[in-house]
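The values are calculated or read from the model by the stated rules, or taken from the named source; none is laboratory data. This one's a predicted model, so the numbers in the text were calculated from it and none came from an experiment. Cβ placement follows ideal geometry from the backbone for every residue including glycine, while neighbour counts extend to all protein chains displayed. Heads up: the accessible areas ignore ligands, DNA and RNA and are worked out on the full protein's heavy atoms, side chains in. Shrake-Rupley method; radii C 1.70, N 1.55, O 1.52, S 1.80 Å.
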Amino acid sequence: MKPLLTIGLLACLLLLHGCGGGELTTSSSVQDDEQSQDSSDDSSSDDSGSTDDSSTDDSSDESDESSSVSYSLLDNAEHGLASDYSWDATDELTITLSGDSATTSASSGVTISGSTVTIQAAGTYRVSGSLDDGQLIVDSSGLVRLVLDGVDITDSTGPALYVAGADKTVIWLADGSDNRLTDGSEREDEDLNAALYSADDLSIAGTGSLSVSANYADGITSKDGLIIAGGDIQVDAVDDGIRGKDYLIVQDGTLQITASGDGLKSDEDEDSALGYVAIEDGTLIVDAQADGIQAETQLEIYGGTLNITTAGGSYASISDDDSAKGLKADGLIYVAGDASVTLDVAEDGLNCNDTIVLKGGELSIAAGDDGVHGDLNVEIDDGILAISRSVEGIEGEVITLNGGQQSVVASDDGVNVSAADDSSRSDSERLLTINDGYLLVQASGDGLDANGGIVINGGTVIVYGPASGEDLALDADLGIWVNGGTLIATGASNNMLTAPEEDSEQVSLLVQLSSSQSASRLFHLEDGDGNNLLSVAPWQGYQSVLFSSPDLAQGQTLSAYLGGSDSGTLADGVYSGGSYSGGQRYGSTTLSAQSNTLSSGGR
């Protein structure tokens with residue numbers, strides 16, 4: 001079990017990235033400290049001891065330790081106990097549905113009125129059979145377990161399964177069972193707006209299947225908390241797919257959701273400690289016309305496989321009033337662990353009004369707008385981020401890259417540091433800082449663009465700027481400082497690439513060519529001893545090349561070549577481990593400063 005981040009972490013991130021009037025920090029000696037999260041290694045609750053047939057495992061864990069107790073924002077520590085999913089089969093009561101009537105083995109606590117079955121006492125009930133136009137209601141105190149074992153319920157004017165009240169309700173999907181819940185397009189009570197509707201805490205677990213067809217609004221809704229711990233769940237909804245108003249936690253299972261609204265969401269907006277979504281594990285396949293996953297406060301993903309499409313995908317057109325983002329939250333988006341997230345979305349891939357933190361996982365994003373957009377902060381510490389389509393790739397007011405692998409294809413800016421609406425930060429606080437990792441950008445607008453400054457302290461940065469136009473491969477209003485790492489950037493013309501500042505800690509060379517070169521034409525740099533420093537075949541046309549590396553030092557003489565071939569291994573346009581031959585010498589220069597330029601006059 002992974003702990004949900006507290007609101008305090010969000011405040012720490014804001015403090016870390018600066019909310020007030022600091023000065024631009026360009027030295028590598030002062031870098032953003034990497035945030036760490038203390039995570040429990042507990043897995044989601046062990047259902048192996050759960051009893052779904054006549055054999056009872058007395059060794060199963062029935063302690064009071066909640067499987068979700070480590071979620072620090074959980075308002076009800078009794079929700080999701082391991083003991084909720086374990087019981088003695090001899091204590092089960094049966095309810096058998098028969099078209100327009102039902103029977104039960106319970107001597108009390110269950111009332112049957114035609115095709116309406118109401119459970120009014122705590123206990124474990126194994127339910128089977130079908131209701132053609134009826135309803136199963138839970139209205140009790142205590143814990144009610146519903147073991148669905150081949151249930152098919154249709155209600156034309158209300159929820160097929162309605163939890164009107166209970167301390168908590170567990171729906172267990174019996175092994176090998178297929179269960180169906182269907183509502184109609186009309187309502188006697190408009191507040192009961194889901195095919196499976198709970199007014200209190202609800203958990204769904206087990207290994208069977210549940211198919212929910214929602215024709216009025218939502219598929220599955222809990223007005224309190226909702227935990228999904230297992231099962232094969234399919235939801236087809238005319239509005240939202242699955243909603244936990246206070247919180248939604250997915251611990252395991254397979255969820256296939258088709259929704260005309262949001263796929264999954266939590267929308268409590270009056271309590272800042274609620275309104276969150278957490279994904280621990282499982283497989284989620286979401287096809288939503290609105291947002292894929294939407295959290296009012298925080299959205300956290302620690303594992304699982306997520307495949308999300310919104311509004312027809314990244315090539316679709318939507319109106320200005322629509323929202324079709326992949327992952328959306330107001331306060332924080334946090335991705336860690338071994339999560340695998342694939343997004344094909346009509347708007348932003350990740351969108352947060354505050355802070356996005358990526359500490360692991362693998363994200364593949366095709367977006368009709370921004371790939372990753374955090375209004376205030378974007379921090380990437382680890383993992384793989386591959387943005388194959390976007391308008392702007394990564395955007396935020398402060399962007400910090402501490403590790404991982406990022407690749408960006410953008411029709412506008414690749415990485416963009418820009419002012420958030422109503423921001424109190426000054427330009428000196430709007431900063432792109434690259435401390436480590438691997439960043440590859442192919443942009444039709446600016447490759448790296450900052451309203452403030454760009455500071456590169458380490459890692460590998462490769463930027464293929466636009467082949468034409470007025471955008472720059474590197475563009476920073478306050479300057480660019482290269483203090484470490486490897487930087488390769490190519491731009492369209494001689495004035496389309498900003499050179500690093502002279503007080504950078506690492507030497508750089510900007511080569512300005514006399515004419516434009518076609519994409520993939522080799523550019524080569526070597527030192528006076530013939531050592532290969534750089535062989536690059538840019539992905540877009542270019543007329544300028546900027547290179548910085550720890551291998552460069554003042555006093556070196558470098559020669560530049562065009563064309564020819566390299567026998568090395570090609571990766572992302574850069575050759576390594578080979579020898580260069582056959583090119584045309586363009587010119588040479590001796591590095592006499594921290595920031596150097598070679599133009600046609602340097603031949």
Test for Arg425: is it more than 24 Å from Val536 (Cβ to Cβ) and crowded, with 24+ Cβ neighbours inside 10 Å: no
Please determine, by comparing only the residues of region 462-486 that are in contact with a Phe, Trp or Tyr (Cβ under 8 Å, 6 or more places away or on another chain) and either within 20 Å of Val398 (Cβ to Cβ) or in a loop (DSSP other than H, G, I, E, B) (or both), which one is most open to solvent (accessible area, probe 1.4 Å). Ala467
Can you tell me which of Ser518, Ser567, Ser544, Ser576 is of a type in the set (Ser, Thr, Tyr), under 41 Å from the mean Cα position of the chain (by Cα) and crowded, with 18+ Cβ neighbours inside 10 Å? Ser544
Considering Ala492, Ala476, which residue is aliphatic (A, V, I, L, M) and closer than 22 Å to Gly573 by Cα? Ala492
List, please: which pairs have Cβ atoms under 8 Å, are six or more places apart or on different chains, and start with a residue in region 157-176 that is farther than 19 Å from Glu92 by Cα and end with one that is open to solvent by 10 Å² or more (accessible area, probe 1.4 Å) and of a type in the set (Lys, Arg)? Thr157/Arg187; Gly158/Arg187
For region 136-165, which positions are part of a loop (DSSP other than H, G, I, E, B) and open to solvent by 10 Å² or more (accessible area, probe 1.4 Å)? Ser140, Ser141, Gly142, Ser156, Thr157
Name the strands (runs of 3 or more DSSP E) wholly within region 306-417 that hold at least 1 residues that are free of Cβ contacts under 8 Å to residues at least 40 places away in the same chain and among the polar types (S, T, N, Q)? 340-345, 350-352, 355-367, 372-389, 405-410, 415-417
Qualifying residue in region 182-192 (condition: open to solvent by 10 Å² or more (accessible area, probe 1.4 Å), free of Cβ contacts under 8 Å to residues at least 40 places away in the same chain, closer than 16 Å to Leu146 by Cα and of a type in the set (A, V, I, L, M, F, W, C)): no
Here is a check on your reading of the model: is Ala77 modelled with pLDDT under 95, under 23 Å from Leu226 (Cβ atoms), open to solvent by 30 Å² or more (accessible area, probe 1.4 Å) and not polar (S, T, N, Q)? yes
